[in-house]
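The values are calculated or read from the model by the stated rules, or taken from the named source; none is laboratory data. Small disclaimer: the values here were computed from a predicted structure and weren't measured. Positions of Cβ are backbone-derived with ideal geometry, glycine not excepted, and every protein chain shown enters the neighbour counts. In case anyone asks, the SASA skips ligands and DNA or RNA and just uses the protein heavy atoms, side chains included. Shrake-Rupley method; radii C 1.70, N 1.55, O 1.52, S 1.80 Å.
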Amino acid sequence: MFSERLGAEESRCQEDFHGLSVSKRLVRSVSQKLRKKNNNRSLGEEEDEDDDDVNGVSLKCLTLYGRGGGCKVGADTGDEVGDSSNRRRSSSGEEGKGYKPVCGPQDTAVVDCFSYGVRDRFWRRHQRKNSEIDELMTTNNKMHIFLPDDILEMCLVRLPLTSLMNARLVCKKWRSLTTTPRFLQMRREGLYQNPWLFLFGAVKDGFCSGEIHALDVSQNQWHRIDAGFLRGRFLFSVASVQDDIFIVGGCSSLTNFGKVDRSSFKTHRGVLSFSPLTKSWRKIPSMKYARSIPILGVFEVSLDFPSYQSRQDKRFPRSRIGGVSDVYEDPHKLSMRRHCRSTINETEASTLPSRKAHKFLKQISDLSSSKNSRRFLLVAVGGLGSWDEPLDSGEIYDSVSNKWTDIPRLPFDFGIACSGVVCGKMFYVYSETDKLAAYDIERGFWIAIQATPIPPRVHEYYPKLVSSNGRLFMLSVSWCEGDGQIGRRNKAVRKLWELDLLYLTWTEVSVHPDAPMDWNAVFVADKNLIFGVEMFKIFGQVLDFFTVCDVTDMSNWNHISRNHVTHELDGSSCVTKSVAVLHL
């Protein structure tokens, strides 16, 4: 009897022990529940109010009761997983009286039952996701930093010049990227450039301010550029060379610096280059002779163009200082000896070892590559000398050799040159005596051109030569005939003439709409457009008229600016002005 009773109690204790133990199936069902809740949270579903403080996963209280150092799970997990047969109940029933709850009735309880690394794993996963989200947001905010340079160049090269200048203020990287020779070459060769007019020679309150007024033709907007290097200089000439503007010669007052004073002045030989794209300037080697208002022409030649050889002329500019007297004759032929010696030196240089020749060619190639493989020749003829005397000499600047070289003088009895332009491979110059001459850049000599008929003109207004698309034009002012009354002059008009380069005949092609109020009007051409700038003082104010004509339809002249930017300038600006046009 006693043994049977003992055996029954042992069997009952074993059933209670099995009831207290946690089965593997229950642990697996709980882990499935946790995984399902974690997946629902990643898909953005609505979280339950009972969230875990550590891993953010909603858990229902599992009502754990500690008893005898063990734990008892009194939760119904079958309904959560979907299997009602997974219910396990303790043998002590559902009352649970006298037992202390481990997780308690609060929703924010921590499941200490699974403290063997599950909670740490959930925490690390949660922190990793937060760090990935923060890194993604940071990357989106700084996406432009990670754009490749070639894509940035493609975007920036399409901007107008004004927007490009503003983009350079964003950061140092954009500024350095938009000032490289490669970027400038891409912009030059693209179709994203617009014409810009640059007005030089502004005078305010009697002083040469050195300001440059730039007009964006496409936007009809004026910009002011401070050019301190031009302060005090006047009566200089400008020429457009690729993307730069060359300022050649000029005068400056000796007694009143900065004022337009011709009583005591100095004539300059210096040449400057101004780059509107980078707003920088640099010095070019000075001319051999000082000149004011010289006539300029620009040739763009290939790199294999033969180096320009100086062709000495017996005549030199007649000047009171630095000149050569006509009485002096060279009895000992010193000049011939010097010339022969230089020729021998050149011959010896050509026979030098290949190493030296290679070094010389490398220097030439380095210089040409610095100019983006584009070579140009700048010709300067005529103008006024140091003593305000008219000059008939000329010189040429080669961008490869970086030197000025003399060229033959203007033809005999040609007169004072008043206008000039490059058309094709010839540099055409017109004189005040209505004579036309052309300088052949390849053969190196002047050609007198007899064109007929000579366009009539008013002698107070000098003709202006312009070239567009390989065509040579001239603008001159003449009297217009009255209505059926022959010989009666009622008004003056400015007419546009074209020279037939084959038959050498002038033909009237257009009439300028404005009255010729400015005797020193400036006309420049770029591609197929001809721009005109007229300034004159009337009623105490300086008025300006900017016009443009397309050579494909020369019957129409259009006004491109009516802002009258010259209101604040002095009347002397009408004489000292000079204009250049660039596609930027």
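A few comments on the model shown:
- Checked across the stretch 142-153, the condition of being open to solvent by 50 Å² or more (accessible area, probe 1.4 Å), outside any loop (DSSP other than H, G, I, E, B) and in contact with a Ser or Thr (Cβ under 8 Å, 6 or more places away or on another chain) holds for at least one residue.
- Considering residues of the stretch 113-141 that are at pLDDT below 65 and surrounded by 13 or more Cβ atoms within 10 Å (Cβ to Cβ) only, the residue nearest to Thr180 (Cα to Cα): Phe114
Rundown of residues vs (1) within 25 Å of Glu498 (Cβ to Cβ); (2) open to solvent by 60 Å² or more (accessible area, probe 1.4 Å), yes/no style:
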{"position": "Gln541", "(1), (2)": "no, yes"}
{"position": "Asp544", "(1), (2)": "no, no"}
{"position": "Asn556", "(1), (2)": "yes, yes"}
{"position": "Glu568", "(1), (2)": "no, yes"}
{"position": "Gly571", "(1), (2)": "no, no"}
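- Flag if Val381 is closer than 22 Å to Val477 by Cβ, at pLDDT 95 or above and surrounded by 15 or more Cβ atoms within 10 Å (Cβ to Cβ): no
- Filtered residue count, the stretch 164-180, keeping only those that are open to solvent by 50 Å² or more (accessible area, probe 1.4 Å) and small (Gly, Ala, Ser): 1
- Residue that is least open to solvent (accessible area, probe 1.4 Å) [pool: residues in the stretch 181-209 that are among the aliphatic types (A, V, I, L, M) and assigned to a helix (DSSP H, G or I)]: Leu184
- Failed item, numbered, when Ser386 is tested on (1) under 18 Å from Tyr462 (Cβ atoms); (2) surrounded by 18 or more Cβ atoms within 10 Å (Cβ to Cβ); (3) among the polar types (S, T, N, Q): (1)
- Per the listing Ser335, Ser273, Ser307, Ser286, the residue uniquely polar (S, T, N, Q), modelled with pLDDT under 80 and within 42 Å of the chain's Cα centre (by Cα) is Ser307.
- Residues (under 27 Å from the mean Cα position of the chain (by Cα) and of a type in the set (Lys, Arg)) located in the stretch 532-561: none
- Within the stretch 393-429, the set of residues being assigned to a loop (DSSP other than H, G, I, E, B), free of Cβ contacts under 8 Å to residues at least 40 places away in the same chain, open to solvent by 30 Å² or more (accessible area, probe 1.4 Å) and not acidic (Asp, Glu) comprises Pro411, Phe412, Gly415, Ile416.
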